[in-house]
1. Could you compute the FRET efficiency for residue 435 and residue 660, with r as their C-beta to C-beta distance and R0 at 35 Å, rounded to 0.05?
2. Of the peptides 598-611, 189-202, how do they stack up when ordered by the mean number of other Cβ atoms within 10 Å, highest first?
3. Once you order the gyration tensor axes a ≥ b ≥ c over the Cα atoms, which shape class does segment 174-292 get: rounded for a/c under 1.5, otherwise prolate or oblate by comparing a/b with b/c?
4. State the percentage of accessible surface on segment 576-707 attributable to carbon and sulfur atoms; use a 1.4 Å probe and exclude ligands, DNA and RNA.
5. Of the listed pairs 299/516; 332/423; 504/605; 577/676; 389/461, which have alpha-carbon separations greater than 29 Å here?
6. Given the peptides 388-394, 403-409, 169-175, arrange them by the average over their residues of other C-beta atoms within 10 Å, most packed first.
7. State in Å² the accessible area per residue of segment 326-575; use a 1.4 Å probe, count heavy atoms of protein chains only, and round to the nearest integer.
8. I'd like the Kirkwood hydrodynamic radius of segment 538-579, using the inverse of the mean 1/r over distinct C-alpha pairs, in Å.
Amino acid sequence: MVGVKRPVDAGDERKGKRTKTKTPTVPTKKAKAAPEKKSSSKSVTKKSSKPEKKDKKASKKKVEEEEEDDDDFDLDDVEDSEIDDLDNVEDEDVDMNDGGDDDDEDEEKEEEPKKAAESMIMRLFTRDIGYQADCSPLADKTSSRESHAKQKALLQERKAAKPNADMIQRSKQLWERLRRKSHVPLEERKKLIAELFDIITGRVRDFVFKHDSVRVIQTALKYANIEQRKQIARELKGHYNELAQSRYAKFLIGKLIVHGDAEIRDLIIPEFYGHVKRLIRHPEASWILDDVYRQVATKEQKAKLLREWYGAEFGIFKEEKDKTSELSEILKESPEKRGPIMHFLHELVNQLIQKRTTGFTMLHDAMLQYFLNTKPGSSEANEFIELLKGDEEGDLVKNLAFTQSGSRLMCLSLAYASAKDRKLLMRFYKDTVKLMAGDLHGHMVLLAAYEVIDDTKLTAKMIFPELLNQGGDAEARNEELIYQVNDLTGRIAVLFPFVGDRAKWLLPEVDQPVLKEVREVRQETSKKDPSVRRQELIKAASPTLLEFIAARADSLLETSFGCQFIAEVLFDADGDKSDALSAVAVAAKTRSDTKDLPFIGRLLKSLVQGGRFNSAEKVVEKVQPPLNFHGLLYEQIQEEIMSWATGSNVFVVVALTESDEFEKKAELLKTLKKGKKALQQAAAESGKDSKKKSGPTSSGAKLLLEKI
């Protein structure tokens with residue numbers, strides 16, 4: 001049964017290699033025993049052949065009984081002779097028809113009993129299994145619908161077996177009702193919230209780490225009163241570090257911060273002390289840690305969190321006197337720690353940059369502290385600049401521009417960098433210039449580029465096409481510029497080259513120290529004269545802005561920002577200004593409210609005077625070449641000159657009478673003499689009520705009476 005003969009190739013035919021023979025296939029049910037018994041009787045020895053002949057008939061009867069039996073394989077059904085055959089398989093000799101080399105014969109003899117044993121085991125196990133495989137499907141097989149019903153029932157049983165299953169299920173029902181805010185009356189909502197707090201009180205920690213039940217707690221926080229919120233916060237005390245690292249529970253901390261008060265804040269933030277290095281690198285906790293640091297942490301709490309970037313000892317040893325995060329002060333107290341601190345800080349910063357998590361405000365603060373404590377031109381400073389340039393996609397440099405610390409860092413980096421490095425750093429801001437111009441911090445990077453880059457053609461090429469929409473359609477460009485020049489922050493990048501050193505009225509107070517710092521560094525790192533650089537930038541921007549004023553003068557006169565824009569551009573622009581000046585004069589006539597709006601009056605008066613008024617020296621600094629706006633304006637308003645002379649913007653007429661270059665000054669004075677009574681009446685209006693100060697109309701009318 002087990003000694004199956006297989007022909008072996010001769011050595012010459014095999015060329016020294018063994019050939020593989022196919023393993024005999026498993027016999028079917030009908031011819032299971034008889035052929036195998038016959039073939040095996042020829043290959044076994046005389047000692048083993050006698051017992052098989054005696055048990056042959058018994059084996060046939062056994063096979064027939066097994067074909068009628070539907071039970072699974074049972075070891076008791078196996079014949080003793082077959083078990084004996086398996087036991088004696090290693091002792092049997094295999095007869096070879098074709099002899100080869102002696103080594104091959106030994107290997108064949110060792111391998112043959114093993115394969116025969118495997119074949120024997122397969123027959124024993126597949127005898128019953130094969131029979132069942134050929135049978136028809138079981139009668140008790142359920143339908144697909146019944147199977148799904150059983151699976152659903154099993155799922156419900158598993159949920160019911162979990163802790164607090166009933167309470168969680170009820171709380172989710174309440175949440176489903178509460179989240180539909182517009183469909184729940186106030187009284188019903190109060191009842192639902194009361195019931196919800198009865199369920200979750202004392203069990204908040206069981207709810208917060210599951211994606212569905214944590215939403216129940218968030219809804220409870222949303223509609224709870226301050227005492228109920230404090231109750232939830234106290235229950236979670238000691239677990240906020242773990243909550244911050246949870247994929248779903250981290251949002252609960254955000255809810256507590258938004259809806260909580262100072263007491264809740266002071267419960268949460270101290271639990272992050274000592275764990276900043278691990279949390280800032282955690283994919284979930286890093287965002288909630290940075291949100292807490294940026295939005296709600298006090299100055300002292302921020303300092304404690306940031307100090308842990310300087311080394312492990314700052315997270316372990318905490319003293320009450322350690323209230324500063326300024327690295328310069330820390331190094332001043334302990335200069336011997338400079339090497340380890342700078343190394344630790346650089347490594348942590350580099351890890352976050354390599355992970356491409358560069359949008360954290362805490363990271364930007366740490367990077368600024370590192371750069372401020374490097375010596376300009378040193379290897380540390382140069383390595384830091386290389387770190388900024390090394391981000392091929394530019395995400396780091398872009399993110400830095402939109403935070404206060406990051407913006408200052410980029411301004412100083414541009415100021416200290418070489419001309420080549422400045423070009424490489426500015427290229428990252430392609431397609432981001434307009435977004436930066438409207439940002440509270442991002443616009444400072446553009447101003448730093450104006451101030452320090454000597455290649456003004458490069459600056460104009462990188463910034464102005466996007467900032468001023470120079471490549472777009474004229475109508476779309478003018479429409480976009482209207483919104484930009486009327487935005488408190490967006491107009492800064494447009495007007496800064498024209499304003500120059502008089503930028504105090506244009507810039508926020510927080511920008512003044514940074515701009516001063518950049519200009520001090522520029523003295524050592526830039527070669528071009530600042531005034532020459534400014535004029536070259538103005539020359540590049542002037543054509544677009546003069547065309548814009550000529551096309552949209554009427555719209556610009558609607559706002560005070562628009563009038564400021566017109567004045568600054570017309571005073572300092574380079575090129576032909578005649579079309580823009582004419583458009584302003586026409587718009588001053590066509591607008592019905594021109595004579596009453598004070599900012600329009602200030603604009604027209606400045607243009608008539610031909611320059612800015614120097615309050616220190618009490619003189620008008622006239623621009624060159626002269627604007628000659630007085631003639632253009634008088635042509636438009638000469639028919640209504642008396643209404644202007646007796647209106648709110650009377651000082652426009654006063655400026656016309658005081659202008660030495662105005663050719664029609666005599667004609668104007670003659671017209672005013674004819675309307676002397678109207679001027680006297682306007683000047684006398686202030687005397688009716690002695691308690692009120694004289695307005696601009698009466699003051700201007702008195703001056704005109706003196707002129708005539």
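1. The pair residue 435/residue 660 has a calculated efficiency of 0.15.
2. Result, highest mean first: 598-611, 189-202.
3. Note, shape of segment 174-292 comes out prolate.
4. Solvent-exposed carbon and sulfur of segment 576-707 make up 48 percent of the total.
5. Flagged as over cut-off: 332/423; 577/676.
6. 403-409, 169-175, 388-394
7. 43 Å²
8. Taking the inverse mean of 1/r over all distinct Cα pairs, segment 538-579 comes out at 10.2 Å.
The values are calculated or read from the model by the stated rules, or taken from the named source; none is laboratory data. This one's a predicted model, so the numbers in the text were calculated from it and none came from an experiment. Neighbour counts are summed over all protein chains in view; Cβ atoms, including those assigned to glycine, are modelled from backbone coordinates with ideal geometry. Ligands, DNA and RNA are excluded from the accessible area calculation, which covers all protein heavy atoms including side chains. Shrake-Rupley method; radii C 1.70, N 1.55, O 1.52, S 1.80 Å.
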